[in-house]
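Asks: Let me begin by handing over the structure; questions about it come next.
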Amino acid sequence: MANNSYSGVKNSMVEANHDGEFGCTLKELRALMEVRGTEAITKIGEHYGDIQGLCNRLKTSPIDGLSGQPADIEKRQTVFGKNFIPPKKPKTFLQLVWEALQDVTLIILEVAAVVSLGLSFYRPPDTERENCGKAAGGVEDENEAEAGWIEGAAILLSVICVVLVTAFNDWSKEKQFRGLQSRIEQEQKFTVVRGGQVIQIPVAEIVVGDIAQVKYGDLLPADGVFIQGNDLKIDESSLTGESDHVKKTLEKDPMLLSGTHVMEGSGKMVVTAVGVNSQTGIIFTLLGGGEEDDDDEEEKKKEKEEKKKQRKNKKQDGSVENRKKAKAQDGAAMEMQPLNSDEGADAEEKKKANLPKKEKSVLQGKLTKLAVQIGKAGLVMSAITVIILVVLFVVDTFWVQNLSWVKQCTPIYIQFFVKFFIIGVTVLVVAVPEGLPLAVTISLAYSVKKMMKDNNLVRHLDACETMGNATAICSDKTGTLTMNRMTVVQAHIAEKHYKKVPEPENIPSSTLDILVLGIAVNCAYTTKIMPPEKEGGLPRQVGNKTECALLGFSTDLKRDYQAIRNEIPEEKLYKVYTFNSVRKSMSTVLKMADGSYRMFSKGASEILLKKCYKILTANGEPKVFRPRDRDDLVKKVIEPMASEGLRTICLGYRDFPATDGEPDWDNENDILTGLTCICVVGIEDPVRPEVPDAIRKCQRAGITVRMVTGDNINTARAIATKCGILQPGDDFLCLEGKEFNRRIRNEKGEIEQERIDKIWPKLRVLARSSPTDKHTLVKGIIDSTVAEQRQVVAVTGDGTNDGPALKKADVGFAMGIAGTDVAKEASDIILTDDNFSSIVKAVMWGRNVYDSISKFLQFQLTVNVVAVIVAFTGACITQDSPLKAVQMLWVNLIMDTFASLALATEPPTEALLLRKPYGRNKPLISRTMMKNILGQGVYQLIIIFTLLFAGEKLFDIDSGRNAPLHAPPSEHYTIVFNTFVMMQLFNEINARKIHGERNVFEGIFNNPIFCSIVFGTFIIQIVIVQFGGKPFSCVSLTIDQWLWCTFLGFGSLLWGQVISSIPTSRLKFLKTAGHGTQKEEIPDEELEELEDMDEIDHAERELRRGQILWFRGLNRIQTQMDVVSAFQSGTSFQGALRRQASNSSQQQHDIRVVKAFRSSISLYEGLEKPESRSSIHNFMTHPEFRIEDSEPHIPLIDDTDAEDDAPTKRNSASPRNATPTPPSPTPSPATTVAPTTPVSPSPNQNNNAVESSNHLLPEGPKSGAPLAPGSPLHSLETSL
């Protein structure tokens, strides 16, 4: 075990320091980090002697780190660069303006405006005007004709306004997003050693030569070389695509790369490359700057670069040991590629095209659909308007007045046609709700900004809105529901159960010594108890809280653990078995002076007690500990502790005498047995005071809270009762992981959805659960079809092992304080205060987003309906739209941009938590809203038409109808326009409530944005009407007229009260609108078009999957043919299977190929074999997380090579992330059926392919004809 020994001397720092420059250049270090494995070791040996030599050249000490002096740090930053990857430049304001201009309707308007401008300058001689029909001639005086260009100019101007507003909104959104990113980045800290002190510094301040401490769950921030550590295993899949965890040792592979995850163990490294020079940085620069939005895409691109690199490496040298099994992370990339490697590049392109595009959120899906429907209707309306106008004009001029088409009149006629066209386009502009996407964005961006104050850091915008639909929350216990401040409150030691921490005098000194030594060395050295920040406060707990409790226990026993740690520094620990979710215990081995070994263990009491064969008695001597005694101890000590909500930990030790020689440390089962129990402690973690209230709110809001914890069932039950998850007298289930697994699996050990469906509705507490169980539960609830709504599940997690569950859930919450980097990467929202009540706030904000959108829709659609009908009928009857183009654009601006700002920024109220969640297919526009829209629409239309056709009589003014082409604006039409806008303003207040509430003013002053927008709009309207003149086709009105307009507008508030008195249930004719897309609705023809679109809906993907599976099947058969011919010719397989070269013998390679190949015969593994379900990997949606199962895997084809190979195959995921499974010796009978059967619409829309087919073949092998002996697959199998 030399991997923990230091190579070199401590005071090497001194002799290195006289030299002004560093002993190695940036280039050398970059070259060093590009090699891996044994190669790297030889390279370090050749250039630097050993790791110590490297440290000397970098002028750093492996023990004390850098001096930490600012001058030194600065110098390092100038020579080796900063640990910062510059982000991609944001889009400039001009680019955003350009994007906003791409809007089709706006382009049409611009064209029309330009034509209108051009034509307004042409004027025929006056004599001929009379011959062009009565519409053309008339009152026009010279100035009027001069002013003809104004309309065109005004349209252009308003287009510019719309564009600028849109661009500004996009720009501020972008800025907010960047602020958020930098906020996330600043919060990342990393532990380094400087000047002999362990300190945490922001990741950006790490420099080359720093000694960094890495531990379980870290995301490595820079490249480095491993110095020493225990059992360090790294998941390098983000760089290499290898999902096997790579074990890092000084002998085999000391290279640690940035961007990779620590999955187990701990250690130290010396940083050798930072920022753009680190492996991640190099890839980023190849991509041309960071991709800021889409983490997944980065990963994919990283892999791509990495694969190219591997290919080069492979050409240069055959022995890149660690990559011998580089099946890419999307292993199917391999299958989908043609078989000779040069075509790989375009296959990669193809593969990229096959990856699912960014998924729309539920809300966006509904909105896009609604917007398209409205847009289509608008298009039809505007087309009809134009046609009617043209037809009326032509009929009137050429038939009724019997004129012939004269050449001089052509421009005038064209001018008319252009005017009609402009009217048509304005109808379209008003009809198309381009404010919808804007409203969503504003609402989400605003919510996200405000949620920061509520301790929710949102990483993916749509998570915020999904949270509003949540129906279930699976929460961790420790740290989320409880305070995560652990203290030992009871102990069973020296045969006595103490209800509070015992006095040290009462414990035999030998027992005490061994106990304190065990606690000191067998807790991670990164865990410590620090003095309180404030006088009289509680001591600060740093690191793992359970270990902090034990260290606190040793302090309570008046012993100093730090003294022992100073005596036995971390380097002297002989071997450490770190804690992981399978072991559920941690052990540390010390080598004694006489050559014997002593191992200390701590872990969950029911697990460790089974390994204890002795126990220390009252006089400090060990005595035999029989199973009967163990049962007594469990009944009398552990269960009473657990029922009080304490977590029980057992501490034990074992001696390995020197005479037996060194044990085989890798054989864990033999090592971790025959322990002597020192004591059992009960650790309390008090429930957070605000949690019971938050859980009550959730339950009232129709959200089920479930607790999923690794603790024992009694502890879990006790805490769940304290929190209010379990109410006394309720009929609910509390299960342990084992029992849960027993109930959901059938005889063959497969998980069955029907079985999960029997359990989850009543399940409230899942105790002693492994990460696999958590993932299974989440997946089971999401896939379930028992409830009429698909369940929307939120999950909280803090550990690396929670990654899969966080990814699978609809919304993943990671803990900001206790969470590991891996968990944060997998999550959607980070709880910055680790507190459950912040989740309730997230629910509130999510529902608020949904309501804001609905409010906006209710307002927007009323305006749309009214404006379109008015323009349409007005045009048909009076041959001219009562609302002019520029006025329409202004109305559009109020409606779309301002209203979306005003209504999307309503703050949430507690009342949101009083209703049940909306389902995923609840329509956006409920029947109540439909009632409001139609009701208000009727009111506005009646008023407008009355004014339009009788207004001149009522107000005693000239009629504005049938005015000639360039007639001056009339009072009549100004009043119509003004009243219209006033009604919109007051209706905006009505729109604040969507559930038929009476009081629309409630809380209106809590929203300053709303007030200022309504007020601002009013002011601008006054300015437009009084001083707008010709461009806005307005005349200034008198005070009387203004009061009438305002009064008619105010009427919509009164009318709103009338509408809300009518019960919705009476109005049977009301329909809802804006449902989510149902899968069956999409015909095949549309799929081709969808291929080219950027965003692909769940449903569309579901259909495309069938085709992809089919191609994959064909590809596999092709591969198999190749293998067969390769066998016959006896050549090697690198060409055929594109496996990376391995150092193992050819024959072993052949066996592996046969096996890999057999596993791939069945195109649809995962449908029928028991093994397929027993392994967690089939549930993994992302293979980045590997968790080795505690259950034994079913042996593969031949066991000799099984161990070596299993990981490779199990994790080669297909492009849709449907993971192939361990092979079964028989080809799958389902192969013949699956590809041709259409994939049934499964309840879970983001399912992967294998699961979607699952619904077709529930019984497995029975369904589908078995392969006929003559079939090609069969003969392949036999020939092999």
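The values are calculated or read from the model by the stated rules, or taken from the named source; none is laboratory data. On a predicted model such as this, the values are computed, not experimentally measured, just so you know. Ideal geometry is used to build each Cβ from the backbone, glycine not excepted, and the neighbour counts take in all protein chains shown. SASA here: full protein model, heavy atoms, side chains in, ligands and nucleic acids out. Shrake-Rupley method; radii C 1.70, N 1.55, O 1.52, S 1.80 Å.
Asks: Only one of these is open to solvent by less than 10 Å² (accessible area, probe 1.4 Å) and within 21 Å of Ile63 (Cβ to Cβ): Val198, Val207. Name it.
Replies: Details: Val198 fails: open to solvent by less than 10 Å² (accessible area, probe 1.4 Å).
Testing whether each residue is open to solvent by less than 10 Å² (accessible area, probe 1.4 Å) and within 21 Å of Ile63 (Cβ to Cβ) leaves just Val207.
Asks: Would you kindly identify the strands (runs of 3 or more DSSP E) lying entirely within segment 749-851 that contain at least 3 residues that are within 18 Å of the chain's Cα centre (by Cα)? Break it down stepwise before answering.
Replies: Details: elements: 763-767, 793-797, 811-815, 829-831.
Where strands (runs of 3 or more DSSP E) fall fully within segment 749-851 and carry at least 3 residues being within 18 Å of the chain's Cα centre (by Cα), they are 793-797, 811-815, 829-831.
Asks: Right, another one. Mind checking which residues of segment 865-881 are open to solvent by 10 Å² or more (accessible area, probe 1.4 Å) and either of a type outside the set (Asp, Glu) or under 50 Å from the mean Cα position of the chain (by Cα) (or both)? Explain how you work it out, then say what you get.
Replies: Here is the first cut: in segment 865-881, the residues open to solvent by 10 Å² or more (accessible area, probe 1.4 Å) are 865, 868-869, 872-873, 876-877, 879-880.
Selection gives Val865, Val868, Ile869, Phe872, Thr873, Cys876, Ile877, Gln879.
Asks: Here's something else I'd like to know. In segment 1000-1007, is there at least one residue being closer than 15 Å to Leu883 by Cα and either in a helix (DSSP H, G or I) or not β-branched (Val, Ile, Thr) (or both)? It would help to see each step written out before you state the result.
Replies: From segment 1000-1007, those closer than 15 Å to Leu883 by Cα are none; that's our starting set.
No, segment 1000-1007 contains no residue that is closer than 15 Å to Leu883 by Cα and either in a helix (DSSP H, G or I) or not β-branched (Val, Ile, Thr) (or both).
Asks: Oh, and also: Would you mind stating whether Gln1021 is assigned to a helix (DSSP H, G or I), without any contact (Cβ under 8 Å) to a residue 60 or more places away in the chain and either closer than 15 Å to Ile975 by Cα or over 50 Å from the mean Cα position of the chain (by Cα) (or both)? Give the derivation first.
Replies: Working: assigned to a helix (DSSP H, G or I): yes; without any contact (Cβ under 8 Å) to a residue 60 or more places away in the chain: yes; either closer than 15 Å to Ile975 by Cα or over 50 Å from the mean Cα position of the chain (by Cα) (or both): yes.
In short, yes.
Asks: Among the residues of segment 564-577, is there at least one that is open to solvent by less than 40 Å² (accessible area, probe 1.4 Å), in contact with a strand residue (DSSP E or B) (Cβ under 6 Å, 6 or more places away or on another chain) and closer than 22 Å to His492 by Cβ?
Replies: Checked segment 564-577: no residue is open to solvent by less than 40 Å² (accessible area, probe 1.4 Å), in contact with a strand residue (DSSP E or B) (Cβ under 6 Å, 6 or more places away or on another chain) and closer than 22 Å to His492 by Cβ.
Asks: Select, from Lys449, Lys499, Lys419, the only residue that is within 30 Å of Val868 (Cα to Cα) and among the basic types (Lys, Arg). Full working, then the answer.
Replies: Numbers: Lys449 fails: within 30 Å of Val868 (Cα to Cα); Lys499 fails: within 30 Å of Val868 (Cα to Cα).
Step by step, each of Lys449, Lys499, Lys419 is checked, and only Lys419 is within 30 Å of Val868 (Cα to Cα) and among the basic types (Lys, Arg).
Asks: Quick test for you: out of Phe740, Phe813, pick the one residue that is in contact (Cβ under 8 Å) with a residue 12 or more places away in the chain, of a type in the set (Phe, Trp, Tyr), open to solvent by less than 10 Å² (accessible area, probe 1.4 Å) and closer than 30 Å to Pro221 by Cα.
Replies: On the way: Phe740 fails: closer than 30 Å to Pro221 by Cα.
Unique residue meeting the criteria: Phe813.
Asks: Keeping to segment 449-473, report how many residues are within 20 Å of Ala809 (Cα to Cα), touching a strand residue (DSSP E or B) at 6+ places or on another chain (Cβ under 9 Å) and in a helix (DSSP H, G or I). Write out each step before concluding.
Replies: Initial filter on segment 449-473 (within 20 Å of Ala809 (Cα to Cα)): 456-473.
Adding the requirement that they be touching a strand residue (DSSP E or B) at 6+ places or on another chain (Cβ under 9 Å) leaves 456-460, 462-464, 466-467, 470-473.
Within this subset, residues satisfying the condition of being in a helix (DSSP H, G or I) are 462-464, 466-467.
The qualifying residues number 5.
Asks: Would you be able to tell me the number of residues in segment 594-610 that are farther than 17 Å from Asp513 by Cα and without any contact (Cβ under 8 Å) to a residue 60 or more places away in the chain?
Replies: 3
Asks: Has segment 555-568 got any residue that is at pLDDT below 90 and closer than 30 Å to Pro62 by Cα? Don't jump to the end; show me each part of the working.
Replies: Looking only at segment 555-568, we keep the residues that are at pLDDT below 90, and these are none.
No, segment 555-568 contains no residue that is at pLDDT below 90 and closer than 30 Å to Pro62 by Cα.
To keep it simple, each residue is scored yes or no on (1) in contact with a helix residue (DSSP H, G or I) (Cβ under 7 Å, 6 or more places away or on another chain); (2) more than 26 Å from Asn801 (Cα to Cα); (3) of a type outside the set (A, V, I, L, M, F, W, C).
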{"residue": "Arg696", "(1), (2), (3)": "no, yes, yes"}
{"residue": "Gln727", "(1), (2), (3)": "no, yes, yes"}
{"residue": "Arg742", "(1), (2), (3)": "no, no, yes"}
{"residue": "Ile751", "(1), (2), (3)": "yes, no, no"}
{"residue": "Glu754", "(1), (2), (3)": "no, yes, yes"}
{"residue": "Arg764", "(1), (2), (3)": "yes, no, yes"}
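Asks: Suppose we filter segment 707-735 for residues that are in contact with a Ser or Thr (Cβ under 8 Å, 6 or more places away or on another chain), surrounded by fewer than 22 Cβ atoms within 10 Å (Cβ to Cβ) and either of a type in the set (Lys, Arg) or closer than 23 Å to Gly682 by Cα (or both); how many remain?
Replies: 3
Asks: Quick one: in segment 934-984, of everything that is open to solvent by 10 Å² or more (accessible area, probe 1.4 Å) and among the β-branched types (Val, Ile, Thr), which residue is modelled with the lowest pLDDT?
Replies: Filtering first and then ranking leaves Ile957.
Asks: Taking strands (runs of 3 or more DSSP E) that fall entirely within segment 589-695, which contain at least 1 residues that are at pLDDT 90 or above and open to solvent by less than 30 Å² (accessible area, probe 1.4 Å)?
Replies: Details: elements: 597-604, 612-616, 622-624, 647-656, 675-684.
So the answer is 597-604, 612-616, 647-656, 675-684.
Asks: May I ask you to list the residues in segment 518-563 that are open to solvent by less than 30 Å² (accessible area, probe 1.4 Å), within 21 Å of Asp834 (Cα to Cα) and either assigned to a loop (DSSP other than H, G, I, E, B) or of a type in the set (A, V, I, L, M) (or both)?
Replies: Thr527, Ala549
Asks: Go through segment 1024-1058 and report how many residues are under 51 Å from the mean Cα position of the chain (by Cα), aliphatic (A, V, I, L, M) and open to solvent by 60 Å² or more (accessible area, probe 1.4 Å).
Replies: Of the residues in that region, 2 qualify.
Asks: Given the conditions (1) farther than 28 Å from Gln887 by Cβ; (2) part of a helix (DSSP H, G or I), which single one is not true for Lys993?
Replies: Every listed condition holds for Lys993 apart from (2).
Asks: Does Gly118 count as on the phi > 0 side of the Ramachandran plot and open to solvent by less than 60 Å² (accessible area, probe 1.4 Å)? Steps first, please.
Replies: Values: on the phi > 0 side of the Ramachandran plot: no; open to solvent by less than 60 Å² (accessible area, probe 1.4 Å): yes.
For Gly118, the condition - on the phi > 0 side of the Ramachandran plot and open to solvent by less than 60 Å² (accessible area, probe 1.4 Å) - is not met.
Asks: Given the residues Leu857, Leu861, Leu831, which is the only one that is crowded, with 24+ Cβ neighbours inside 10 Å, at pLDDT 85 or above and within 30 Å of Asp476 (Cα to Cα)? If you could, list the steps in order and put the result at the bottom.
Replies: Numbers: Leu857 fails: within 30 Å of Asp476 (Cα to Cα); Leu861 fails: within 30 Å of Asp476 (Cα to Cα).
Every option except Leu831 fails the conditions.
Asks: Can you name the condition, by its number, that Met263 falls short on among (1) open to solvent by 10 Å² or more (accessible area, probe 1.4 Å); (2) hydrophobic (A, V, I, L, M, F, W, C); (3) at pLDDT 85 or above?
Replies: (3)
Asks: Pick out the one residue from Leu893, Leu901 that is open to solvent by 10 Å² or more (accessible area, probe 1.4 Å), closer than 30 Å to Val792 by Cα, part of a helix (DSSP H, G or I) and modelled with pLDDT under 85. Steps first, answer last, please.
Replies: Details: Leu893 fails: closer than 30 Å to Val792 by Cα.
Going through Leu893, Leu901 in turn, just one is open to solvent by 10 Å² or more (accessible area, probe 1.4 Å), closer than 30 Å to Val792 by Cα, part of a helix (DSSP H, G or I) and modelled with pLDDT under 85: Leu901.
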